[in-house]
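Engineer: Handing you a structure now.
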Amino acid sequence: MKFRGRITAVAATLSIAAVACAQTADSKVNGADSVWLALSAALVLLMTPGLALFYGGMVRRKNVLSTMLHSFVMMGIVSIVWILLTYSLAFGKSNGWIGGLEYLWGHGISMRSPYPYMTPSQTVPEGLFMLFQMMFAIITPALISGAIAERITFTGYLVFTTAWSILVYAPIACWVWNPNGWLANKGVLDFAGGTVVHLASGASALAACIVLGRRKALDHHEPILPNNLTTTLLGAGILWFGWIGFNAGSALAMNDIAVSAFVATHIAAAAGMLGWLACEKVRFGKPTALGAASGLVAGLVGITPAAGFVTPLAAIGIGLAVGILCCMAVSVKHKFKFDDALDVVGVHGVGGAIGAVLTAVLADAAVNAQVGTSLQTNGGRLGLIASQVLGIAVVGVVAFVATFILMKVIKAIFGIRVTAEEEAIGLDLVLHGESGYNL
């Protein structure tokens with residue numbers, strides 16, 4: 001009898017706890033979706049150290065630490081700025097152009113209920129959605145650093161990226177991803193950041209390297225050789241791995257769209273790598289390890305706006321097209337003599353634009369119902385293509401002009417470039433008092 005009484009008491013306690021949990025939990029939140037988004041956020045965070053390795057292997061030995069730090073430090077600065085201000089500017093209740101200030105200083109972000117402005121409603125806590133979007137905000141300015149590597153001051157870089165996150169990234173994210181954003185209302189499709197992340201960073205990288213000027217070694221016709229391509233390959237592999245969270249996580253649920261995005265992401269990276277290698281073989285006679293790394297990243301960039309909207313066959317086509325075209329595009333800098341040190345413009349700018357256009361061409365309503373809505377909003381396929389081109393033009397021009405002005409202002413106030421002597425010594429020792437290799 002005593003044993004039965006204890007069992008009854010335990011059962012009653014568990015029942016009360018279950019009722020209490022049911023009363024405190026939001027019925028709209030789905031546990032499986034939340035676990036998937038949490039994992040995806042961690043994968044996207046890993047991409048930034050992956051980018052540090054990718055970029056770090058491509059610069060000269062005397063600049064490896066400074067280049068890697070440009071990526072790492074974004075995990076510190078942007079995380080704080082995002083939760084205090086830019087999340088609200090990007091995803092607060094918007095007038096179409098900028099979000100409201102209801103989330104200023106991190107207030108009002110629910111850790112229990114979904115983001116309130118999305119229709120249909122999300123099934124994950126808003127705090128988790130905020131965290132996932134934070135990872136995108138971290139890596140985007142880090143991408144720009146590849147164009148201006150080996151010659152920018154650390155203070156100038158920190159001031160620039162902080163201001164850029166607030167004045168450029170947040171408004172563009174609002175236009176495209178906020179449910180009330182004006183480009184979103186025009187039916188512009190960007191599943192995971194073809195315009196918001198890659199085109200914006202590529203256009204900004206072009207403006208930044210124009211203002212900063214060319215490295216002195218180029219003017220003196222000195223060789224600039226990668227210090228460690230094995231590190232670059234490792235970084236590319238980590239980016240490929242993390243990009244699964246970047247794209248498939250953007251479904252914000254573990255469903256058929258997430259699975260489609262996962263498949264499209266992987267096979268587009270594979271196709272991009274093969275397309276770049278084939279292009280190198282035809283143009284130069286030899287496929288290279290750097291080409292393999294660059295090609296897979298180009299394929300990932302190209303599929304990013306399309307990942308949750310296209311079939312596997314379309315994803316292969318996007319990957320091949322972007323791999324080949326970006327391989328050709330990276331040579332443009334030599335013709336126009338701007339110093340895009342690590343090919344950010346040719347891979348992320350060009351790849352993001354091509355991917356955005358091909359999204360409109362190949363998006364399939366059978367994969368994602370949002371495509372049908374966008375087609376209806378734009379009056380058909382040609383109208384959708386026109387809207388995508390409008391989005392590309394607006395984001396590209398705004399990012400370029402705003403970055404050009406920001407760089408000029410920071411240059412005038414703080415100074416933004418190291419001296420010729422410091423550049424010759426190397427930024428690792430001059431700016432940080434360290435050396436990447438003490439062998």
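Engineer: Taking Cα atoms, how many degrees apart are the long axis of helix 381-413 and the longest axis of the chain, rounded to 10 and kept between 0 and 90?
Structural biologist: Tilt of helix 381-413: around 60 degrees.
Engineer: Check which residues have an amide H placed less than 5 Å from Arg417's amide H, if you skip close sequence neighbours.
Structural biologist: Here Thr153 satisfy the definition.
Engineer: For a footprinting-style exposure proxy, rank Thr153, Thr311 by other Cβ within 10 Å, fewest first. Please list the in-between numbers first.
Structural biologist: Details: Thr153 22, Thr311 16.
With the sparsest Cβ surroundings first, the list reads Thr311, Thr153.
Engineer: Quote the relative contact order of region 294-371 in percent (integer), defining contacts as alpha-carbon pairs under 8 Å separated by 6+ residues.
Structural biologist: Computed over region 294-371, the figure is 47 percent.
Engineer: Show the residues, 5+ positions off or on another chain, whose built amide H is closer than 5 Å to the amide H of Asn180.
Structural biologist: Amide H neighbours of Asn180: Ser94.
Engineer: Could you check the simple spin-label distance between Ala365 and Phe241, using points 7 Å along Cα→Cβ, in nm with one decimal?
Structural biologist: Spacing of the two 7 Å Cα→Cβ label points: 4.1 nm.
Engineer: Kindly flag which residue pairs out of Lys216/Lys286; Lys28/Lys186; Lys62/Lys286; Lys216/Lys408 have an alpha-carbon separation exceeding 24 Å in this structure.
Structural biologist: As for pairs spanning more than 24 Å Cα to Cα, those are Lys216/Lys286; Lys28/Lys186; Lys62/Lys286.
Engineer: Additional query: If you place +1 on the Cβ of every Lys and Arg, -1 on the Cβ of every Asp and Glu, and leave all else neutral, what size is the dipole of the chain about its Cα centre, to the nearest 20 Debye?
Structural biologist: About 180 debye.
Engineer: Using only the alpha-carbon atoms, how far is helix 289-303 inclined from the longest principal axis of the chain? Give it as 0 to 90 degrees, nearest 10.
Structural biologist: The two axes meet at around 50 degrees.
Engineer: Here's something else I'd like to know. Using R₀ = 51 Å, calculate the FRET efficiency as 1/(1 + (r/R₀)^6) where r is the Cβ-Cβ separation of Glu434 and Leu382; round to 0.05.
Structural biologist: With R0 = 51 Å, the Cβ-Cβ based efficiency is 0.40.
Engineer: Looking at the square roots a ≥ b ≥ c of the eigenvalues of the Cα gyration tensor of region 170-304, which shape do they give, rounded for a/c under 1.5, prolate if a/b is larger than b/c, or oblate?
Structural biologist: oblate
Engineer: How much length is gained if the chain between Arg61 and Lys335 is pulled fully straight, taking 0.36 nm per residue apart and subtracting their Cα-Cα distance, in nm to one decimal? Provide the component values of the computation, followed by the final result.
Structural biologist: Numbers: separation 274, 0.36 × 274 = 98.64 nm, distance 2.66 nm.
Here the answer is 96.0 nm.
Engineer: Just to be sure I understand the model, the point goes 7 Å from the Cα along the line to the Cβ. What's the resulting Thr155 to Leu104 distance in nm?
Structural biologist: Output for this residue pair reads 3.0 nm.
Engineer: For the chain, calculate the relative contact order in percent as a whole number, restricting contacts to Cα pairs under 8 Å that are 6 or more residues apart.
Structural biologist: 22 percent
Engineer: FRET efficiency for Ser121 and Ile77, Cβ-Cβ distance as r, R0 = 41 Å, nearest 0.05? Can you show the working numbers first?
Structural biologist: On the way: r = 32 Å, r/R0 = 0.78.
Efficiency, from the Cβ-Cβ distance: 0.80.
Engineer: Gaussian network model of the chain, Cα springs within a sub-10 Å range: biggest mean-square fluctuation belongs to which of Ala420, Ala261, Ala353?
Structural biologist: Among Ala420, Ala261, Ala353, the largest mean-square fluctuation in the Gaussian network model of the chain belongs to Ala420.
Engineer: Relative to the longest principal Cα axis of the chain, at what angle does helix 229-248 sit, 0 to 90 degrees, rounded to 10?
Structural biologist: 30 degrees
Engineer: Which residues does the label zone of Leu390 cover in region 97-127, counting backbone N under 17 Å from a point 7 Å along Cα→Cβ?
Structural biologist: Within reach of a label on Leu390, which here means backbone N under 17 Å from a point 7 Å along Cα→Cβ, region 97-127 contributes 97-98.
Engineer: Right, next: Within region 58-100, which residues have the backbone N less than 16 Å from the label spot 7 Å out from Glu421 along Cα→beta-carbon, could you tell me?
Structural biologist: Label zone hits: none.
Engineer: So, one more: For region 141-225, what is the largest minus smallest coordinate of the Cα atoms on each principal axis, given in angstrom and ordered from greatest to least?
Structural biologist: Dimensions of region 141-225 along the principal axes of its Cα atoms: 50, 23, 17 Å.
Engineer: Something else: Mean-square fluctuation check for the chain, GNM, Cα pairs under 10 Å: which of Thr119, Thr373, Thr419 is largest?
Structural biologist: Most flexible of the set in this elastic network: Thr119.
Engineer: Another question, then. HN-Hα J couplings of region 428-439 from phi, Karplus 6.51/-1.76/1.60, θ = phi - 60°, integer Hz, Gly and Pro as x?
Structural biologist: 4, 6, 5, 8, 10, x, 9, 10, x, 10, 10, 9
Engineer: Report the extension gain between Asn185 and Met328 in nm, rounded to one decimal, defined as 0.36 nm multiplied by the number of residues separating them, less their alpha carbon distance.
Structural biologist: Going from the current span to full extension adds 48.1 nm.
Engineer: R0 = 45 Å: FRET efficiency of His220 with Arg112, Cβ-based, nearest 0.05?
Structural biologist: Efficiency, from the Cβ-Cβ distance: 0.15.
Readers should treat all values here as calculations from the given coordinates under stated rules, not as data from a laboratory. Please read all numbers here as calculations on a predicted model, not as lab measurements. Here Cβ is always computed from backbone atoms with ideal geometry, including for glycine, and neighbour counts include all displayed protein chains.
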